[in-house]
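Asks: One structure coming up, written as structure tokens, with questions to follow.
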Amino acid sequence: MNAEAATYAVSLISEPSTGTRALQQETQLNRFLAEVERRALRIAEIGVRNRDDALDLVQDAMIKLVRKYGDRDSAEWAPLFYRILQNGVRDWHRRQAMRNRVMVWFGRGAPGDDEYDAVAAAPDPLGRAPDEEIQNSEAMDGLEVALHALPARQREAFMLRTFEGLDVAGTAVAMGCSQGSVKTHYSRAIHSLRETLEEYGPDGSGDG
Amino acid sequence: MKKSDEQLAQEAKALFDASVDELDAATLSRLNRSRHRALEAAHSPRSALLRFAPAAGVAAAVLIAVMVALPGPRQVEVMPAAVADLDILLGEDSIEMLEELEFYSWLDVIDEGDDVG
């Protein structure tokens, strides 16, 4: 076997074919999406306060990530995915604002927060003691109300940093702003949350 | 006593994680379907064709404008083709095709957003 043939043979063994690479990439994407999808849904749901709409937003974000950024390094996927999702949430609010204006114009009251029933939307229990579940559910409801009272950018910064665990750089990519802005939004968010939750108590006890 | 920022964030995270763990089976199933649909969309061959849809639309409009502008007995020839199209459109297969087209058109529309959504 000459040198060229030997090199070619080695390359066949060491480098996966295009089909194999595509399969590996799809497997990685599947794993990534499976890992983030539930948290992403809850983050979107807190943002729009509607589970069906949140599911649609998550699906859109998944499709866009796969089609546009699937070939990027997997370390970039999380910030990009959340950037797509946050843009989707912002677009959703724009559409809602427009719809509400139209509804008011036609003399029908705009749907308000009263329509959202957090208790009805609460998930099914998974073997927790009823007391514990109710306590957690109430505390989460309180937290969601407090989060919703925050300006959108502060809410995004807090949820991405705290719930999703993105670092400052990743959060900056996801929010499309500087790292300094992320720190400012996060700091303001946590101070506002403290003020709100000290009355209610993040543990649902009201004595926090 | 006031909680530290870290403590407040940890408590919020714990509540959030609990709410994630409590997602119901129907929701998890929908998430699963969404994920598979997203992965399938990466391979959709028709989506590439739909990228040319705007250009094809412009070309069709120009063609129609030229046909209208030029004199000639072209209108007579249109009728049999329109009847044949009607048969195709009324067929059961075409309904499925149209549903697919709707899906891929939707995929194309969400692709037309800005770079990252």
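Here, each number is a calculation from the coordinates, and none is a lab measurement. Every value quoted in this text rests on a predicted model; they were computed, and no experiment measured them. Neighbour counts run over all protein chains shown; Cβ positions are idealised from the backbone, glycine included.
Asks: At R0 = 35 Å, how high is the FRET efficiency between A:Q28 and B:Q7 if r is their beta carbon distance? Nearest 0.05 is fine.
Replies: Efficiency, from the Cβ-Cβ distance: 0.50.
Asks: Report ³J(HN,Hα) in whole Hz for each residue of the range A:170-179, in order, from the Karplus equation J = 6.51 cos²θ - 1.76 cosθ + 1.60 where θ = phi - 60°; Gly and Pro get x.
Replies: Taking θ as phi minus 60°, the curve returns x, 5, 4, 5, 5, 8, x, 9, 6, 5 Hz for the range A:170-179.
Asks: Next question. Show me, for the range B:7-12, the HN-Hα J-couplings you get by feeding each phi into the Karplus relation (A = 6.51, B = -1.76, C = 1.60, θ = phi - 60°), rounded to Hz, glycine and proline as x.
Replies: 5, 4, 5, 5, 5, 4
Asks: What distance in nm lies between label points placed 7 Å from Cα along the C-beta direction at B:A14 and A:R95?
Replies: Each label point lies 7 Å from its Cα, and together they span 3.8 nm.
Asks: ³J(HN,Hα) across the range A:187-195 via Karplus (A = 6.51, B = -1.76, C = 1.60, θ = phi - 60°), whole Hz, x for Gly/Pro?
Replies: Each residue's phi maps through the Karplus curve to give 4, 5, 4, 6, 6, 5, 4, 4, 4 Hz.
Asks: Let me ask something else. Choose one of B:H36, B:L8, B:S19: the residue whose Cα lies farthest towards the positive end of the charge dipole of the range B:1-43 (beta-carbon charges +1 Lys, Arg; -1 Asp, Glu; about the Cα centre).
Replies: Ranked along the dipole, the leading option is B:H36.
Asks: Would you mind giving the mean number of other chain beta-carbons within 10 Å of the Cβ of each residue in A:64-76, as a whole number?
Replies: Rounded to a whole number, the mean comes out at 3.
Asks: Please compute, for peptide B:24-35, the average count of beta-carbon atoms on other protein chains lying within 10 Å of each residue's beta-carbon.
Replies: Partner Cβ neighbours, averaged per residue: 6.
Asks: Is there a simple number for the mean count of other chain Cβ atoms within 10 Å of the Cβ of residues in A:55-63, and what is it?
Replies: Averaged over the peptide's residues, the number is 6.
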